[in-house]
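Taking it in order: structure first as structure tokens, then the write-up.
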Amino acid sequence: MSSGLLTDTLSERHFRSIAEVIETQVGIQLPATKRTMLEGRLRKRVRALRLDTLDDYGRHLFDRGRLADEFVHLVDCVTTNKTDFFREPAHFDLLRTKLVPKLCALPGHRGERPLLKIWSSAASTGAEAYTLAMVLQNLIAEGGRFDYAILGTDISTEVLRLASAGIYSDEMLEAIPAATRRRYVMAARDPARQQGRIVPELRRRVRFQRLNLMDERYAIDRDVDVVFCRNVLIYFDRPTQRAVLERLAAHLRPGGYLVVGHSESMSVAGLPGLTQVTSTVFRR
């Protein structure tokens, strides 16, 4: 097997074929400007499969019929998984001060301890889902009388594996407020590892599963209280954005909320059955 020089590139045919598969199956567009990025990320798959070149990888996918076997790994290479704890903190402040009290007062939730269902629909490595758990657990510690369950979904199996483990670098964990971090993050026994793990109490409350937002149907409950779908729609074209948002909204209970990123709110405006609460929060 050759060493695979960095000057190795995909042929135009194989680049176009991969771009078409990703756009059709995942909804992410790969214009020519993304070609170098794609080639850089695919080189690890070339090495893992003991192939010689990127173009040999293309032949592996399309000429030798191995696309189905490789698809999950291809998606892992293509998707961008930027995530942070307490990203866009105003959303979590709103959840704590406004949304949870309103949800607990819904007719379907009146009772001793209503169960709130929260869905992080583009969970990446889990920071958003665990942030939600921290916010809700803090509310319970302050006397909130409710229970909660959080689902995190993503198309990438690799990031879901990391999310389930709940282990993060100290640098990433710095975004968590100090008191909250002390309560919900266990430091590594060896300080040299410079990482921490989300406490079992929260990990038990958060479940992760693979889901492709491009699928026509989602195997998700249809009485979800809050759906977070932030900073993922920007990778889709407008018709795909609308289709995804309609499917997500269909899983909200009446009175439930859809939360999107600041760059995505225009995609939700005018969606049937949703009323705008703030610039990025919509109520069914």
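The values are calculated or read from the model by the stated rules, or taken from the named source; none is laboratory data. Treat the numbers as computed from the prediction; the structure is a model and nothing was measured. We place every Cβ from the backbone using ideal geometry, glycine too, and count neighbours over all the protein chains shown.
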Next on the checklist: Go through the stretch 91-103 and report how many residues are surrounded by fewer than 18 Cβ atoms within 10 Å (Cβ to Cβ) and more than 27 Å from Gln241 (Cβ to Cβ).
Outcome noted: 3
Checklist entry - With Glu128, Glu201 as the choices, which residue is of a type in the set (Asp, Glu), in a helix (DSSP H, G or I) and surrounded by fewer than 16 Cβ atoms within 10 Å (Cβ to Cβ)? => result Glu201
Checklist entry - What do you reckon, is Met214 modelled with pLDDT under 90, over 19 Å from the mean Cα position of the chain (by Cα) and assigned by TED's automatic domain parsing to the domain that holds Ile118? => result no
Checklist entry - Pick from the stretch 131-157 the residues that are part of a helix (DSSP H, G or I) and β-branched (Val, Ile, Thr): which of them is surrounded by the most Cβ atoms within 10 Å (Cβ to Cβ)? => result Thr131
Checklist entry - So, in the stretch 209-228, of the ones that are crowded, with 22+ Cβ neighbours inside 10 Å and in contact with a Ser or Thr (Cβ under 8 Å, 6 or more places away or on another chain), which residue ends up nearest to Val21 (Cα to Cα)? => result Leu213
Next on the checklist: Suppose we filter Arg161, Arg181, Arg203 for residues that are more than 24 Å from Thr280 (Cα to Cα) and in contact with a Leu (Cβ under 9 Å, 6 or more places away or on another chain); which single one remains?
Outcome noted: Arg181
Checklist entry - Are there any pairs, at least 6 apart or on different chains, whose C-beta atoms fall under 6 Å, with the first in the stretch 177-206 and closer than 24 Å to Gly152 by Cβ and the second among the basic types (Lys, Arg) and not in a helix (DSSP H, G or I), and if so, which? => result Met186/Arg197
Checklist entry - Are any of the residues in the stretch 173-183 on the phi > 0 side of the Ramachandran plot, in contact with an Asp or Glu (Cβ under 8 Å, 6 or more places away or on another chain) and either surrounded by fewer than 20 Cβ atoms within 10 Å (Cβ to Cβ) or modelled with pLDDT of 90 or more (or both)? => result no
Checklist outcome for this item: In the stretch 27-51, residues that are assigned to a loop (DSSP other than H, G, I, E, B) and either within 23 Å of Asn212 (Cα to Cα) or among the aromatic types (Phe, Trp, Tyr) (or both) total 5
Item to check | Output for the stretch 206-219, where each listed residue is in a loop (DSSP other than H, G, I, E, B) and closer than 14 Å to Ala123 by Cβ | outcome: Leu211, Asn212, Leu213, Tyr218
Checklist entry - Which members of the stretch 52-95 meet the condition of being in a loop (DSSP other than H, G, I, E, B), more than 30 Å from Met134 (Cα to Cα) and within 28 Å of the chain's Cα centre (by Cα)? => result Arg66
Item to check | Given (1) under 19 Å from the mean Cα position of the chain (by Cα); (2) within 18 Å of Tyr257 (Cα to Cα), index of the condition Tyr130 fails | outcome: (2)
